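Q: Sharing a structure, written as structure tokens. Questions coming.
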Amino acid sequence: MAVHKNQSMAEMSSRQKMINLMYIVLTAMLALNVSSDVLNGFNQVQQGLNRSNRTLTARNQALLGDLEAWYQKYPKVNKDPLYEARHMCDVTDSLYNYIDSLKMAIVRVCDGPKANPEHIVAQDNLDAAAQVMLPPTGKKGAELHARIDKYRNYMMSLLDDPQKQKSIEEALSTSDVKTADGTKKRWEVSMFENMPSIAAVTLLSKLQNDIRFSQGVLLNQLLTGLDTGELRVNSIEAFVVPNSRIVMRGQKYSAQIVMAAVDTMQRPKVYVNGSMLNNNRGLYEVGTGSVGTFEYSGWIEVTGRDGTVTKREFKSSYTVIEPMASISATMMNVFYAGIDNPVSIAVSGVPQQSIEASMTNGSLVKNGDHWVARSSAIGKECTISVTAEIDGTRTNVGSATFRVRKLPDPTPFIAWTDAQGNVQEYKGGKPFAKGTLLAARGLDAAIDDDLLKIDYRVVSFEMVLFDQMGNAMSERSAGANFSDRQRAAMRNMKHGKRFYISRVKATGPDGVTRDISPMEVIVN
């Protein structure tokens, strides 16, 4: 039984407190509807990102080493670009290590002091990320937001190519995220609110990946800007610049494969997995039919003005993940039989008009950008399956299962109007002014527990009172209003007397008529 919002904790019995606690625990258990397949998918992506981050770190260290070697070879040139590169790498490493500390903090909350971010035990823990990153318990999310903004602006200020600036701005964007209902969430809230621990750590690893990518873009610019023909021959490197290293199954993976410091009048030939690309832009595209991390390699050939051919090898990888749909009941964590249950369905990067959904053991109807689920299969489960049109192909993007429960019993009350014209509810157990009682229309019933707000129609009820000899007398009403005999009995009652309203029958929106709890009325 839920406690009305006007009832204080001090007025609750021990039994009521225990029931409320059990209700909260049950609601939390029902919310933990995270598929093990999704957790395993995040685990695979996390491992792939860790490998990719190690590769990017080693590559950027090699680029910085090449830059330092060049300045050692030409000690008389201006070394400001070298100092700038070193400072940029220090700033990047500081931010990268800070994100590592956030991952460790999240995993320690769910796994304890011996936690290992690469081997998370409580992968489905929905509280750890928010506890560390979001108020009221943590402020690291806002701090990370600010540090990413500062780093992005710093990196963009060092770049002179608008296209590269745009790629850095998109990779490190912290813009608000628009939700399915049209409202906006702050970047850190969308990242860490109700997010399983493995998903939160994976998103942080992806952020580290974008940071290393940004570092590589700037180091590449500094190398290509060295004004020495000898470097064009001896320090040429091949680079793979993907639009994104993580794509959904069914979408295309796109990457630019380029060579640093090439002659713009001489387009290089690019070979991937033994085959030459059929375009002169170095654009590599491949379809994605399954999830996982995929590696590819090849080489770039460019012909110099003296006719010599320079060849440089490259290697890279990309990760394909399953498209993920967000499916949630907006009013409650379960479906209740016989009533409309609002549902929010959204797929990242897909407009609402491209989303379709169906439900077992009931009906699912779209209403604008929202959905309404209705079922009468009490005790059974309803599964909502979602498909979305991605790049012209309809793809299954996720499903969610909800249990169907019977509506809880309503609480009877007498509605009355206070001096300010506000409608109040008297639920018994306290003195009630006789004048207010006589002015009331009759009896009402409703569920009102901050989760549900559902009105019931009272069909009949009895008023039981006692005469001076202690004999019980019963007066029945064949509807929701007080009968004339009931009103006459109330007029004759003196201060401090009490009567009981029992055998209350009420019908809810599910069409079920049920007997509900009695109430005690004390006449003041």
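The values are calculated or read from the model by the stated rules, or taken from the named source; none is laboratory data. All figures in this text were calculated on a predicted structure; none of them were measured in a lab. Every residue, glycine among them, receives a Cβ derived from its backbone with ideal geometry; neighbour counts consider all protein chains shown. Surface accessibility is based on the protein's heavy atoms, side chains included, excluding ligands, DNA and RNA. Shrake-Rupley method; radii C 1.70, N 1.55, O 1.52, S 1.80 Å.
Q: Do the conditions hold for A400, that is, is it closer than 30 Å to S290 by Cα, touching a Lys or Arg at 6+ places or on another chain (Cβ under 9 Å) and either not in a strand (DSSP E or B) or not β-branched (V, I, T) (or both)?
A: No: the conditions fail for A400.
Q: Does A128 satisfy the condition of being more than 15 Å from T174 (Cβ to Cβ), open to solvent by less than 20 Å² (accessible area, probe 1.4 Å) and small (G, A, S)?
A: Yes: the conditions hold for A128.
Q: Quick one: how many residues across the stretch 413-424 are surrounded by 16 or more Cβ atoms within 10 Å (Cβ to Cβ) and more than 42 Å from the chain's Cα centre (by Cα)?
A: Count: 1.
Q: Looking only at the stretch 477-513, count how many residues are open to solvent by 70 Å² or more (accessible area, probe 1.4 Å) and free of Cβ contacts under 8 Å to residues at least 24 places away in the same chain.
A: Summing the residues that are open to solvent by 70 Å² or more (accessible area, probe 1.4 Å) and free of Cβ contacts under 8 Å to residues at least 24 places away in the same chain in the stretch 477-513 gives 4.
Q: Looking at the stretch 162-178, is at least one residue surrounded by fewer than 16 Cβ atoms within 10 Å (Cβ to Cβ) and in contact (Cβ under 8 Å) with a residue 40 or more places away in the chain?
A: Taking every residue of the stretch 162-178 in turn, none turns out to be surrounded by fewer than 16 Cβ atoms within 10 Å (Cβ to Cβ) and in contact (Cβ under 8 Å) with a residue 40 or more places away in the chain.
Q: Just give me the residues in the stretch 365-388 being over 19 Å from the mean Cα position of the chain (by Cα), touching a residue at least 12 places away in the same chain (Cβ under 8 Å) and in a strand (DSSP E or B), in sequence order.
A: V372, A373, R374, E381, C382, T383, listed by residue number.
Q: Sticking with this structure for a sec: Say we look at the stretch 425-458 and pick out the residues that are open to solvent by 60 Å² or more (accessible area, probe 1.4 Å) and within 42 Å of the chain's Cα centre (by Cα); which of these is farthest from D484 (Cα to Cα)?
A: Ranking the qualifying residues of the stretch 425-458, first place goes to D450.
Q: Can you tell me which of (1) within 24 Å of the chain's Cα centre (by Cα); (2) modelled with pLDDT of 90 or more is the one G362 doesn't meet?
A: The failed condition is (1).
Q: Those residues that are farther than 12 Å from Q215 by Cβ and in contact (Cβ under 8 Å) with a residue 24 or more places away in the chain, I need them from the stretch 83-108; list them, please.
A: E84, Y98, I99, D100, L102, K103, A105, I106, V107
Q: Looking at the stretch 109-128, which of its residues are assigned to a helix (DSSP H, G or I) and either of a type in the set (A, V, I, L, M) or modelled with pLDDT of 95 or more (or both)?
A: Scanning the stretch 109-128 gives V109, A128.
Q: Within the stretch 189-214, how many residues are of a type outside the set (A, V, I, L, M, F, W, C) and open to solvent by 10 Å² or more (accessible area, probe 1.4 Å)?
A: The qualifying residues number 7.
Q: Considering only residues that are within 24 Å of D340 (Cβ to Cβ) and either among the acidic types (D, E) or under 22 Å from the mean Cα position of the chain (by Cα) (or both), which ones fall in the stretch 389-412?
A: G398, S399, A400, T401, F402, R403, D409
Q: Can you name the condition, by its number, that E11 falls short on among (1) at pLDDT below 75; (2) under 30 Å from F314 (Cα atoms)?
A: E11 satisfies all of (1) at pLDDT below 75; (2) under 30 Å from F314 (Cα atoms) except (2).
Q: Is it true that some residue in the stretch 44-60 is farther than 25 Å from F314 by Cα, surrounded by 20 or more Cβ atoms within 10 Å (Cβ to Cβ) and under 25 Å from the mean Cα position of the chain (by Cα)?
A: No; the residues of the stretch 44-60 include none that is farther than 25 Å from F314 by Cα, surrounded by 20 or more Cβ atoms within 10 Å (Cβ to Cβ) and under 25 Å from the mean Cα position of the chain (by Cα).
Q: Here's a follow-up. Suppose the filter is open to solvent by 60 Å² or more (accessible area, probe 1.4 Å), more than 30 Å from N43 (Cα to Cα), modelled with pLDDT of 75 or more and not charged (D, E, K, R); does N278 pass it?
A: For N278, the condition - open to solvent by 60 Å² or more (accessible area, probe 1.4 Å), more than 30 Å from N43 (Cα to Cα), modelled with pLDDT of 75 or more and not charged (D, E, K, R) - is met.
Q: Something else: So N116 ticks every box in (1) in contact with a helix residue (DSSP H, G or I) (Cβ under 6 Å, 6 or more places away or on another chain); (2) open to solvent by 20 Å² or more (accessible area, probe 1.4 Å); (3) closer than 27 Å to R51 by Cα but one. Which box is left unticked?
A: Result: N116 passes all but (1).
Q: Moving to a separate point now. Taking the stretch 391-403, which residues are surrounded by fewer than 20 Cβ atoms within 10 Å (Cβ to Cβ) and β-branched (V, I, T)?
A: Answer for the stretch 391-403, where residues must be surrounded by fewer than 20 Cβ atoms within 10 Å (Cβ to Cβ) and β-branched (V, I, T): T393, T395, T401.
Q: Another question about this same structure. Taking only pairs six or more apart or across chains, which ones have beta-carbon atoms under 6 Å, a first residue in the stretch 399-413 that is in contact (Cβ under 8 Å) with a residue 12 or more places away in the chain, and a second residue that is of a type in the set (S, T, N, Q)?
A: S399/T383; S399/S385; T401/T383; V404/S375
Q: Taking E230 and the conditions (1) more than 30 Å from I345 (Cα to Cα); (2) modelled with pLDDT of 70 or more; (3) acidic (D, E), which numbered condition does it fall short on, given that it satisfies the others?
A: Looking at each condition in turn, E230 falls short on (2).
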